[in-house]
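Novice: Supplied in structure tokens, the structure appears directly below.
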Amino acid sequence: MRQGAGLIPARNPEAVAVLGIESTAHTFAVGVVEEEKPGRVRVLANQRAMVKPDQGGIHPREAAHEHAEKAPGVLAAALKEANLRPEQLEAIAFSQGPGLGPCLRVGATVARSLAVRHALPLVGVNHCVAHLEIGRGLSGMVDPLLLYASGANTQVLALSRGRYRVFGETLDVGLGNALDKFARGAGIPFPGGPEVERLAAQADRAKLLDLPYVVKGMDMSFSGWPIAAERLVAEGHSLADVCHAIQEHQFAALVEITERALAATGKTELLLGGGVACNARLQEMARSMALERGVAFFAPPRSLLVDNGAMIAWLGHLKLRAGGAVAVEDSEVQPYERTDTVEVTWR
Ligand code: AMP
Ligand code: MG
């Protein structure tokens with residue numbers, strides 16, 4: 001079938017698997033999923049390649065260049081893992097935003113070419129919403145609140161009047177980016193979060209160094225503490241004790257906002273999402289707060305917490321079922337898309 005002039009190929013009713021492409025920032029990933037039973041996801045493939053800059057942070061154009069180089073290999077690995085040929089797929093989904101423009105365009109280009117080449121519907125999805133939906137699809141939770149803490153994003157989201165509303169968020173940088181910035185200054189390569197966690201585990205837990213804890217209304221700020229933490233290191237405190245203090249202060253801010261959002265919305269389920277949520281200490285703090293409130297708690301496995309293609313495929317599947325395919329000419333990337341502008345048509 002020729003695709004063009006707004007024509008969207010029909011779904012293949014016999015195919016059940018959707019392929020999803022993630023490329024919002026540092027990760028180029030391809031996942032394949034199917035619906036195991038109503039509302040529940042089965043992950044058939046989840047392959048990824050991550051940019052690791054030699055020095056400094058992520059440079060959007062250089063990262064995009066690396067994504068383009070790695071895309072064919074990651075795609076082939078995902079199809080092999082799923083044991084499917086592209087013709088056997090039901091649709092191609094991709095992260096349409098938010099994210100770094102040059103990186104988003106690589107994923108979108110791969111998605112469009114697959115869709116056109118194999119006459120498959122194309123579905124553009126919101127990356128932040130995908131973090132929430134994969135948690136629902138894995139846990140069977142009905143109406144959870146999501147604490148989403150990743151590199152670039154830090155948000156507390158929940159459904160209200162047809163959209164995922166932002167109940168609290170960072171006013172500046174995402175917590176992951178702040179962790180990576182501090183780590184870089186301390187000579188720890190990207191991504192810094194896992195090493196901060198490893199060091200913090202070696203700290204004297206009875207000792208808690210002072211660091212900024214910035215909560216303003218329902219929002220948080222993370223741009224200031226890395227400088228204060230660097231100062232503590234310069235004053236001679238061990239990196240372990242500083243990392244411990246970082247986790248205790250910044251994760252407490254996350255959990256405080258999350259708890260208040262639970263109280264305000266009355267939601268009874270809490271989900272985690274994003275790379276920072278891999279952190280065992282953050283999981284422990286969030287879980288114990290949820291337990292105390294009688295709120296159900298779920299954290300996806302690490303491979304589905306970090307940026308991944310399976311969550312994009314799963315949201316693509318949900319959106320496709322609700323008639324959310326997009327024509328190629330309408331599929332431009334949305335680097336600044338806000339979570340609460342997305343109409344939740346599939347719930
Ligand atoms: P994402 O953007 O969702 O893929 O998450 C990547 C971010 O998660 C990076 O900023 C990492 O430093 C951070 N991260 C990954 N693992 C951990 C961890 N165990 N503790 C804290 N941060 C982490
Ligand atoms: Mg993410």
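Here's the yes/no breakdown for (1) among the β-branched types (Val, Ile, Thr); (2) away from ligand 1 (no atom under 16 Å from the Cβ):
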| position | (1), (2) |
| --- | --- |
| Asp241 | no, yes |
| Ala253 | no, no |
| Lys267 | no, yes |
| Arg281 | no, no |
| Val326 | yes, yes |
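Novice: Follow-up question, since we're still on this one. Taking only pairs six or more apart or across chains, which ones have beta-carbon atoms under 8 Å, a first residue in segment 295-311 that is farther than 22 Å from Val123 by Cβ, and a second residue that is surrounded by fewer than 22 Cβ atoms within 10 Å (Cβ to Cβ) and hydroxyl-bearing (Ser, Thr, Tyr)?
Specialist: Val295/Thr268; Ala296/Thr268; Phe298/Ser139
Novice: On to the next question. If I filter segment 157-169 down to residues being open to solvent by less than 20 Å² (accessible area, probe 1.4 Å) and more than 15 Å from ligand 1 (Cβ to nearest atom), which single residue comes out as farthest from Asp241 (Cα to Cα)? Walk me through it before giving the result.
Specialist: Within segment 157-169, the first condition is being open to solvent by less than 20 Å² (accessible area, probe 1.4 Å), and the residues that meet it are 157-158, 164, 168.
Checking which are more than 15 Å from ligand 1 (Cβ to nearest atom) leaves us with 158, 164, 168.
Numbers: Ala158: 35, Tyr164: 37, Gly168: 29 Å.
Selected residue: Tyr164.
Novice: Another question, if that's okay. Residues that are modelled with pLDDT of 95 or more and of a type in the set (D, E, K, R): which strands (runs of 3 or more DSSP E) entirely in segment 1-97 hold 1 or more of them? Can you show your working first?
Specialist: Values: elements: 18-22, 27-37, 40-50, 91-97.
Result: 18-22, 27-37, 40-50.
Novice: Oh, and also: In this structure, does Leu318 turn out to be closer than 16 Å to Arg11 by Cα, aliphatic (A, V, I, L, M) and open to solvent by less than 50 Å² (accessible area, probe 1.4 Å)? So that I can check it myself, show each step before the final result.
Specialist: Details: closer than 16 Å to Arg11 by Cα: yes; aliphatic (A, V, I, L, M): yes; open to solvent by less than 50 Å² (accessible area, probe 1.4 Å): yes.
Taking the combined requirement at face value, the residue satisfies it.
Novice: Within the group Ala119, Ala76, Ala29, which residue is surrounded by 17 or more Cβ atoms within 10 Å (Cβ to Cβ) and either under 19 Å from the mean Cα position of the chain (by Cα) or of a type outside the set (Asp, Glu) (or both)? Show your work before the answer.
Specialist: Working: Ala119 fails: surrounded by 17 or more Cβ atoms within 10 Å (Cβ to Cβ); Ala76 fails: surrounded by 17 or more Cβ atoms within 10 Å (Cβ to Cβ).
That would be Ala29, the only listed residue that is surrounded by 17 or more Cβ atoms within 10 Å (Cβ to Cβ) and either under 19 Å from the mean Cα position of the chain (by Cα) or of a type outside the set (Asp, Glu) (or both).
Novice: What's the number of the condition Leu262 fails, among (1) open to solvent by 50 Å² or more (accessible area, probe 1.4 Å); (2) touching a helix residue (DSSP H, G or I) at 6+ places or on another chain (Cβ under 8 Å); (3) not polar (S, T, N, Q)?
Specialist: Only one criterion in (1) open to solvent by 50 Å² or more (accessible area, probe 1.4 Å); (2) touching a helix residue (DSSP H, G or I) at 6+ places or on another chain (Cβ under 8 Å); (3) not polar (S, T, N, Q) is unmet by Leu262, namely (1).
Novice: Also, quick follow-up: Restricted to segment 183-197, and to residues that are near ligand 1 (Cβ under 8 Å from one of its atoms) and of a type outside the set (A, V, I, L, M), which residue is surrounded by the most Cβ atoms within 10 Å (Cβ to Cβ)?
Specialist: Within segment 183-197, the subset near ligand 1 (Cβ under 8 Å from one of its atoms) is 183, 190-194, 196-197.
If we keep only those that are of a type outside the set (A, V, I, L, M) as well, we get 190-194, 197.
Working: Phe190: 21, Pro191: 21, Gly192: 22, Gly193: 27, Pro194: 15, Glu197: 20.
Checking each candidate, the answer is Gly193.
Novice: Separate question: Of the residues Asp172, Asp180, only one is in a helix (DSSP H, G or I) and either within 16 Å of ligand 1 (Cβ to nearest atom) or open to solvent by less than 10 Å² (accessible area, probe 1.4 Å) (or both); which? Reasoning before the result, please.
Specialist: Numbers: Asp172 fails: in a helix (DSSP H, G or I).
Matching residue, one of Asp172, Asp180: Asp180.
The values are calculated or read from the model by the stated rules, or taken from the named source; none is laboratory data. This one's a predicted model, so the numbers in the text were calculated from it and none came from an experiment. A quick note on method: Cβ atoms are made from the backbone with ideal geometry, for glycine too, and the neighbour counts reach across all protein chains shown. Just so you know, the surface numbers come from the protein's heavy atoms only, side chains and all, with ligands and any DNA or RNA stripped out. Shrake-Rupley method; radii C 1.70, N 1.55, O 1.52, S 1.80 Å.
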